[in-house]
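Chemist: Once you've had a glance at the structure underneath, I'll fire off some questions.
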Amino acid sequence: MIEERKIISRVRHWIEKAVIGLDLCPFTKSVYRQNKLRCWVSESKQVDALMLDLYQQCQYLIETPEIETTLLIVPHQLQDFADFNQVLDQVDALMAAYQWTGIFQIASFHPDYQFSNTSVDDRENWSNRSPYPILHILRESSVERALAGYPDPERIPETNIRTLSAMDPTELDHIFNPELF
C-alpha cells in the first residue's frame, strides 16, 4: 500500500508539473481538477496479467461514467521501451476484440519514450515521458469534445517541442525524474 501511494504520488507530480504545468496536454487540467482522472497501479509482472488489468479498467470506465479517463500505471514490468512498444499491438488487439475501438483510445507514456525517426535525446520525446510505463485510457467521446473546442489542436506537438526545447536539463530532471521527489 505504501509503495502504491508513492507510485501514484510520483505520477501525480508528473501530471501537475509536466502535463499540466508545462501545458503538454491542454485538456488534462480540467479533468484532473474535477477529480475525473483515475490513477490505478497494476501489480502485474506479466503481459497477460496486464491485459486483464487493462480489460478491467475499461470495464470500470464503462460502469463509472463520472470518471473520464484512467492512467493504468505499470511499475513492475515493461521497463524496456522496445518491450513496452511491442505490447501496444496486444493493447490494440484487446480493444478490437471487445469492440472498444471508437469507444476508448489508448495513449502511451514511458520513462524512455522515443518517437520514431527521432534521436533518444530529442526534446520532443519528453512530451510522452513519464515516471513509469503508463497506458492512458481515454474515452473517445471526451477526446472528440476536447478537440472540437480547442483552436488548432494540430499545433499542440509543435508547441510542446518549443516548450521542452527551451528547458535546461536540470529543469527537465526536476519535473520528469521520479527519484528527485
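The values are calculated or read from the model by the stated rules, or taken from the named source; none is laboratory data. All figures in this text were calculated on a predicted structure; none of them were measured in a lab. Cβ: placed from backbone, ideal geometry, glycine included. Neighbour counts: every protein chain shown.
Chemist: Only one of 165, 127, 116, 108 is over 30 Å from residue 45 (Cβ atoms) and either surrounded by 14 or more Cβ atoms within 10 Å (Cβ to Cβ) or not aliphatic (A, V, I, L, M) (or both). Can you tell me which?
Modeler: 165
Chemist: Before we move on, is residue 94 within 20 Å of residue 41 (Cβ to Cβ) and in a helix (DSSP H, G or I)?
Modeler: So residue 94 fits the description; yes.
Chemist: Pick from 80, 152, 122: which is more than 15 Å from the chain's Cα centre (by Cα), surrounded by 13 or more Cβ atoms within 10 Å (Cβ to Cβ) and over 16 Å from residue 11 (Cβ atoms)?
Modeler: 122
Chemist: Can you name every residue in segment 130-149 that is part of a helix (DSSP H, G or I) and surrounded by fewer than 18 Cβ atoms within 10 Å (Cβ to Cβ)?
Modeler: Those that are part of a helix (DSSP H, G or I) and surrounded by fewer than 18 Cβ atoms within 10 Å (Cβ to Cβ): 140, 141, 142, 143, 144, 145, 147, 148.
Chemist: Can you list residue pairs whose Cβ atoms sit under 6 Å apart, with the first residue in segment 71-90 being farther than 20 Å from residue 40 by Cα and the second being assigned to a loop (DSSP other than H, G, I, E, B) and charged (D, E, K, R)? Count only pairs 6 or more apart in sequence or on different chains.
Modeler: Partner pairs satisfying both residue conditions: 81/112.
Chemist: Residue 36 versus (1) at pLDDT 95 or above; (2) over 17 Å from residue 104 (Cα atoms): which is the lone unmet condition?
Modeler: (2)
Chemist: Restricting attention to segment 32-58, report how many residues are under 14 Å from the mean Cα position of the chain (by Cα) and either among the β-branched types (Val, Ile, Thr) or exposed (fewer than 14 other Cβ atoms within 10 Å of the Cβ) (or both).
Modeler: 1
Chemist: What pairs come up if the first residue lies in segment 149-169 and is closer than 17 Å to residue 18 by Cβ, the second is β-branched (Val, Ile, Thr) and modelled with pLDDT of 90 or more, and their beta carbons are under 6 Å apart, counting only those six or more places apart or on different chains?
Modeler: none
Chemist: Right, next: Could you check segment 97-125 and list, in sequence order, the residues that are in a loop (DSSP other than H, G, I, E, B) and hydroxyl-bearing (Ser, Thr, Tyr)?
Modeler: Result: 98, 113, 116, 118, 119.
Chemist: Please name all residue pairs, on different chains or six or more residues apart, with Cβ atoms under 6 Å, provided the first residue is in segment 19-35 and is under 19 Å from residue 125 (Cβ atoms) and free of Cβ contacts under 8 Å to residues at least 12 places away in the same chain and the second residue is among the β-branched types (Val, Ile, Thr) and not in a helix (DSSP H, G or I).
Modeler: none
Chemist: On to the next question. Of the numbered conditions (1) under 19 Å from residue 27 (Cβ atoms); (2) under 16 Å from the mean Cα position of the chain (by Cα), residue 91 fails exactly one; give the number of that condition.
Modeler: Residue 91 satisfies all of (1) under 19 Å from residue 27 (Cβ atoms); (2) under 16 Å from the mean Cα position of the chain (by Cα) except (1).
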